[in-house]
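The values are calculated or read from the model by the stated rules, or taken from the named source; none is laboratory data. Predicted model, so just to flag it, every value in this text is computed and none were measured. All Cβ positions, glycine included, derive from the backbone under ideal geometry; neighbour counts span all protein chains shown. Just the protein is used for accessible areas: all its heavy atoms, side chains included, with ligands, DNA and RNA removed. Shrake-Rupley method; radii C 1.70, N 1.55, O 1.52, S 1.80 Å.
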Amino acid sequence: MEQKVLGKFLNYLCNMKTNIPSTMLAVVLAEIGAPPKVATIPVPQPGSGEVLVKMYCSPINPSDLAFLAGGYGIKKPFPVVPGFEGSGTVVAAGKGILPKLWMGKKVGCIASPKLNGCWAEYMVTTASSCVPLSKKVSMEQGSMIFVNPMTAVAFFDVYKNIPNPSKKLQGIINTAAASALGRMIIQLGKQKGIPVISVVRREEQVEMLKSVGAEYVVNSSDPDFELKLKELAHKLNATVLFDAVGGKLPQQLLSAAPKGSKLFIYGRLSADACEISPGEMIFTGNQIQGFWLTNWLHEKGMLQTILTIRKVQSLIGNELGTTIHQQFPPEKISEAIETYKNNMSLGKVLIRF
């Protein structure tokens, strides 16, 4: 009896009138390297296990820039709507219990790797790619709940699972540290009592991070950068390294870190080739490994992902909150992208629908 009542209620939710139009505005990428343009395209329909989200906003992330340039791990057929994460309201549901449960809810969401992305007025994605937002989380912060906060939490999970036979406290070195992700890593490190060395490339970024509580900040543009980094790395036993830049920086990190360190490469902000000295690997016991959040989530499974998302939502107002620099309508997508590329350390740029 209870199952029948629940079924009727879910069907009622799915049949609610939501005044969904037949067409929508979307940012469309015609081919790799082409400037994204705004176009009017049909509103997609959700299939089995999917939902239609009326998008509220979506951030621009480094992963989005990499996708636009053809340098990201997820490939989609063109023309395509970019955008990996966002927030909105579920306004239509396909077959399945989870899609029906999400009907009418405000959600944070990520794009399906097989479908169009978040930079549109409406997006179809899998119901499992959505998470209902708590009342304490705004739609703006909810649009950024996956990529950076989940990566920050994942880094400390990776840190926890690295063998540490000496039991001595290990420090962290993180590059591109003036970013939203970099600031989250600083705050989580303080919360957990783990020293974090933040690497930036401009003096104003040093001062900015110190103003928000960073204790150890080094500037890669300083002439004595490598010496300062090595002194700090050995003092703090910084053997867990995260690099988003590439180029010559990975080699500098490995040269500065204590023997037996492990470097995780999770980005490529530099266009320069990444070169590592063979001797660095042969004689030091250092290791290099790639990190991709998508793979980490798959390894953790749905239950652990749900628990992680709950943890992230509880920290959004504190350690995992993100500064918003500017918001733009989709019609100004080119200006939005340039603003973000030229001012990454000032906060996120959102596309608002």
Check: Once you list every other residue whose beta carbon is under 14 Å from the beta carbon of LYS76, what net charge do they have if Lys and Arg are +1 and Asp and Glu are -1?
Finding: 0
Checklist line | Order by protection proxy (mean Cβ within 10 Å, highest first), peptides 117-127, 198-208, 293-303 | finding: 117-127, 198-208, 293-303
Check: Within the chain, what percent of beta bridges assigned by DSSP are antiparallel, to the nearest 5?
Finding: 55
Check: If you roll a 1.4 Å probe over the stretch 203-353 with all protein chains in place, what percent of the accessible area is carbon or sulfur?
Finding: 52
Notebook entry, point to check: Mean separation of Cα pairs under 8 Å and 6+ residues apart, divided by the residue count of the chain: what relative contact order is that in percent?
Noted result: 16
Next item on the list: Can you tell me the 0 to 90 degree angle between the C-alpha axis of helix 333-342 and the longest principal axis of the chain, rounded to 10?
Entry: 20
Notebook entry, point to check: Assuming R0 = 25 Å, what is the FRET efficiency of ILE306 and ASN164, from their Cβ-Cβ distance, to the nearest 0.05?
Noted result: 0.30
Item checked: Qualifying aspartates and glutamates (Cα of each under 17 Å from Cα of LYS248; at least 8 residues distant if same chain) -> ASP222, ASP224, GLU226, ASP272, GLU275, GLU280
Margin query: For the pair GLN326/GLU275, report the inter-label distance in nm, with labels modelled 7 Å from Cα in the Cβ direction.
Written below: 3.7
Next item on the list: Pop the C-beta distance of LYS95 and ASN343 into the FRET formula with R0 = 41 Å and round what comes out to the nearest 0.05.
Entry: 0.40
Notebook entry, point to check: Which value in nm describes the separation of the simple spin-label points at ILE282 and SER334, placed 7 Å from the Cα toward the beta carbon?
Noted result: 5.2
Checklist line | Simple label model, 7 Å out from Cα along Cβ direction - ALA34 to ILE74, nm | finding: 2.0
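Stokes-Einstein at 20 °C, 1.002 mPa s, Kirkwood radius from Cα pairs: D for the chain in µm² s⁻¹? All intermediate terms of the calculation are to be shown ahead of the outcome.
Working: Rh = 21.5 Å.
Answer from the Stokes-Einstein relation: 100 µm²/s.
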Note to self: Run through the stretch 59-161 and list the trypsin sites (Lys or Arg not before Pro) located in a DSSP loop whose Cβ has at most 13 other Cβ atoms within 10 Å.
What the structure shows: LYS75, LYS95, LYS114, LYS135, LYS136
Notebook entry, point to check: Rounded to the nearest 500 deg cm²/dmol, what is the calculated helix-only ellipticity per residue at 222 nm for the chain, with -39500 (n - 2.57) per DSSP H run of length n ≥ 4?
Noted result: -10500 deg cm²/dmol
Check: In the neighborhood of GLN251, defined by Cβ-to-Cβ distances under 14 Å, what is the net charge if each Lys or Arg adds +1 and each Asp or Glu adds -1?
Finding: -3
Item checked: Stretchable slack from GLN191 to ARG352, in nm (0.36 nm times residue separation minus alpha-carbon distance) -> 54.7 nm
Note to self: Please report the spacing between the Cα centers of the stretch 154-212 and the stretch 57-90 in Å, no decimals.
What the structure shows: 27
